[in-house]
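Derivation of every value follows stated rules applied to the coordinates shown; laboratory data play no part. Keep in mind that this is a model prediction, so the values were computed, not measured. A quick note on method: Cβ atoms are made from the backbone with ideal geometry, for glycine too, and the neighbour counts reach across all protein chains shown.
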C-alpha cells in the first residue's frame, strides 16, 4: 500500500483518473464506478431527451400549423393522426371521441363536450407523462450524486487518516495521495450531478411549455368541436 | 428504450470514454515547472556524526601529553639496578637526587603487592634495603621509624624524602617540569584550535547539539504555538555538563493566541537542555561549544 502511494506522490502533478481509481479503497471504487455509470446515464438521458423533446416541439408546431390551415379535418385525421406526435395523439383522441359520441342518433351535447374535454386532456397528460418519464432520473441523480461522492470522500479520508496513524507520519507525501483519491469521488459526483441538475431544470421547463402548448391546442380543438356540436344538423 | 435514448446512451458512453482517455493521457495535466528547477537531492539521515576538526595546527602538537607517562615506564628498569646501590652510598650528599631514584624502585613493589607473584621480584631485587621502604609506605608514620632505630635511620632520611614524594614520583621527576613547560605550550595549541572553529565545525557542532537535544525537546501544541521560538543560553563545562542553570534569553513569535503558551515553551526548552546534559561533544572544539545559544522552535522537534 505504501509503494503505489509513494510512486503517486512523485508524479502527482499529472492526475490520472485511472491511477486514482486503481489506488482507491474498494468502497471508494464502488462509489466511483456507480457515479461514473450515473454520469453516463445522465448524459444518455440528456441527449435522448433533448432530441425527443426538440423533435416533439418542432413537430407539434408544424402539426398544429398544418391542422389549422386544413379545410377537412376528417381527411387530415386520416393522413396525419397516425404520427406519434403529442399533438397528433391529442387530436386523434378528440376525433375518436367525437366520432364515437356523434355516431348515436341522439346527441347528448353536454355529455359529449365533457367527454371530449376529458379525452383530450387525458391524452395530453398521457403524452406529457410519457415524455417526462426520464426526468425524475435526472432529478434523482442531480440531488443524490453529490452525497454519494461525499460519502466516498469521507470514506477515503478516513482511510487516509488510518494510514497516517499506521505510518506515524503526517507528512504531506503520506496524506496527499489518499486525500486526492478521496476527493476524486466528490469530483465525479459533481461531474454527474451538475449536468443532471441543469438538464433537469431545462427539460422540466421545456416539458411545461410543451404541456401548455398541447393544452392550448386541445382547448382550441375542443372549441372547434364544441362549435361544431351546436351547428344544426 | 426508445431510439433517441439508445443514441443518447451511445453518445454519452463514447463521450465519457473519450474524456477519460484524455485525462489519463495527461491532456489537462498541469506542468510542474518546479520539478525541473529543483533536481532531486540525496539526503541521508544518520545518527552518528563524525565531529573532527579539520584545523591543521592541532596535529602538530603531540609531544606535551606524552611526557608524563613515558617517564613512569622508562624509569622502572633503571632504578631496579640502581636502587640497591645508591641508597647505601649516596644518601647524604645531594638531597634531591636520591629521592627520585628509589622512588621508582618502590613502584614495582607497590604494583606487585596486590598480585600473587609479588614476592618473587621483591626478594630478588631488594634484599638489602627493600624491607624498610614498604613499611614506611604502608604506615607512613614517623613513630614507626623510631621503633626501628638502626637500619632505617639512613633510610629514614631518605624515607622522609620518599614519604612526600612517592605520590609525585609515580609520574617521575620530570612531571612537574613537564607541566611547567607545557603550560605555555598547551596554551599555544589551544588558541589555534579555538580560532579554527570555522563555519563547518560550527555547523557540525550545531547539528550534533541539535541531535542530542531532539529526543528531549517536545514543542507545546496549540494555536500559533509553532511560531514560538525560545533562545536559551547554556554554559557548558569541558566535560559537557551544565555550568550553571540554562537561562532563557528571549522568546519571539509571540501572538495574542499563543501568549498562554510562552511560559510552557520556555520551561520545556530549559527542561530539554537539562535532560540532554551532559552533552557529548568533541573536547578539541570546546571553545566552539563552551557557551551556547540554542533556539527552540517547532522545527527542532521535527
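Obtain the nm distance between the two label points defined at residue A:22 and residue B:227 by a simple spin-label model: each point lies 7 Å from its Cα along the Cα-to-C-beta direction.
About 4.5 nm, to one decimal.
Between residue A:158 and residue B:249, how high is the FRET efficiency from 1/(1 + (r/R0)^6) when r is the Cβ-Cβ distance and R₀ = 41 Å? Nearest 0.05.
After rounding to 0.05, the efficiency reads 0.35.
What does the highest-first list of A:188-198, A:107-117 look like by mean Cβ count within 10 Å? Present the calculation step by step, with values, prior to reporting the outcome.
Working: A:188-198: 20.9, A:107-117: 14.4.
Taking the mean over residues of other Cβ atoms within 10 Å, the ranking is A:188-198, A:107-117.
Given the convex hull of the Cα atoms of region A:24-230, what is a quarter of its surface area in nm²?
Details: hull surface 56.8 nm².
Projected area, direction-averaged: 14.2 nm².
Could you calculate, for region A:118-233, the ratio of the Cα radius of gyration to the Kirkwood radius, expressed as Rg to Rh?
Across region A:118-233, the Cα-based Rg/Rh ratio is 1.45.
On a 0 to 90° scale, report how tilted helix A:135-167 is relative to the longest principal axis of chain A, with both axes built from alpha carbons and the result rounded to the nearest 10.
It works out to around 10 degrees.
When the Cα centres of region B:200-266 and region A:124-194 are compared, how far apart do they sit, in Å?
Taking the Cα centre of each part, region B:200-266 and region A:124-194 sit 46 Å apart.
Run the numbers on region A:125-233 and let me know its relative contact order in percent, using alpha-carbon pairs under 8 Å that are six or more apart. The partial results should precede the final answer.
Details: 80 pairs, mean separation 42.0, N = 109.
Result for region A:125-233 is 39 percent.
Mind pulling the angle between the C-alpha long axis of helix A:172-230 and the longest principal axis of chain A? Nearest 10 degrees, somewhere in 0 to 90.
It is inclined by approximately 0 degrees.
Taking each residue of B:6-14 in turn, how many C-beta atoms of other protein chains fall within 10 Å of its C-beta, and what is the average?
Working: counts 2, 5, 14, 7, 3, 6, 10, 4, 2.
Taking all residues of B:6-14 together, the mean is 6.
At R0 = 25 Å, how high is the FRET efficiency between residue A:100 and residue A:65 if r is their beta carbon distance? Nearest 0.05 is fine. Can you show the working numbers first?
On the way: r = 27 Å, r/R0 = 1.09.
Calculated transfer efficiency: 0.35.
Please find the FRET efficiency linking residue A:224 to residue A:144, where r is the Cβ-Cβ separation and R0 is fixed at 51 Å, and quote it to the nearest 0.05. Spell out each step's value before the answer.
Details: r = 46 Å, r/R0 = 0.90.
Calculated transfer efficiency: 0.65.
Hey, what's the Kirkwood Rh for region A:29-106 if you take every pair of different alpha carbons, in angstrom?
Values: mean 1/r = 0.0648 Å⁻¹.
Taking the inverse mean of 1/r over all distinct Cα pairs, region A:29-106 comes out at 15.4 Å.
When you count, for each residue, the other Cβ atoms within 10 Å and take the mean per peptide, how do B:222-231, A:28-37, B:251-260 rank with the highest first? Please report the intermediate quantities before stating the final value.
Working: B:222-231: 17.6, A:28-37: 19.4, B:251-260: 14.0.
Going from most to least packed, we get A:28-37, B:222-231, B:251-260.
With each pseudo-label sitting 7 Å past Cα toward Cβ, what's the residue B:45-residue B:264 distance in nm, one decimal?
Simple spin-label model gives 2.6 nm for this pair.
Output the relative contact order of region A:24-230, whole-number percent, from Cα pairs under 8 angstrom with separation of 6+ residues. Don't jump to the answer; show the numbers that get you there.
Values: 210 pairs, mean separation 70.6, N = 207.
Relative contact order here is 34 percent.
Beta carbons within 10 angstrom, averaged per residue: use that to sort the peptides B:14-21, A:20-27, A:201-208, highest first. Before the final figure, lay out the partial values.
Working: B:14-21: 13.4, A:20-27: 17.2, A:201-208: 15.5.
Output ranking for B:14-21, A:20-27, A:201-208: A:20-27, A:201-208, B:14-21.
Over all residues in A:131-138, what is the mean tally of Cβ atoms on other chains that come within 10 Å of each residue's Cβ?
Numbers: counts 0, 0, 2, 3, 0, 0, 0, 0.
Across the residues of A:131-138, the mean count of other-chain Cβ atoms within 10 Å is 1.
Step by step: find N for region B:197-301, compute 2.2 N^0.38 Å, then divide the Cα radius of gyration by it. What's the final number?
Numbers: Rg = 13.9 Å, N = 105, 2.2 N^0.38 = 12.9 Å.
Expressed relative to 2.2 N^0.38 Å, the Cα Rg reads 1.08.
Once you have the alpha carbon radius of gyration of region A:97-179, what is it after dividing by 2.2 N^0.38 Å, with N set to its residue count? Can you show the working numbers first?
Working: Rg = 30.7 Å, N = 83, 2.2 N^0.38 = 11.8 Å.
Rounded to two decimals, the normalised Rg is 2.60.
State log₁₀ I(q)/I(0) for region A:14-54 at q = 0.15, 0.18, 0.24 Å⁻¹ as given by the Debye formula over alpha-carbon point scatterers of equal weight, solvent excluded.
Results for region A:14-54 at q = 0.15, 0.18, 0.24 Å⁻¹ read -0.49, -0.60, -0.77.
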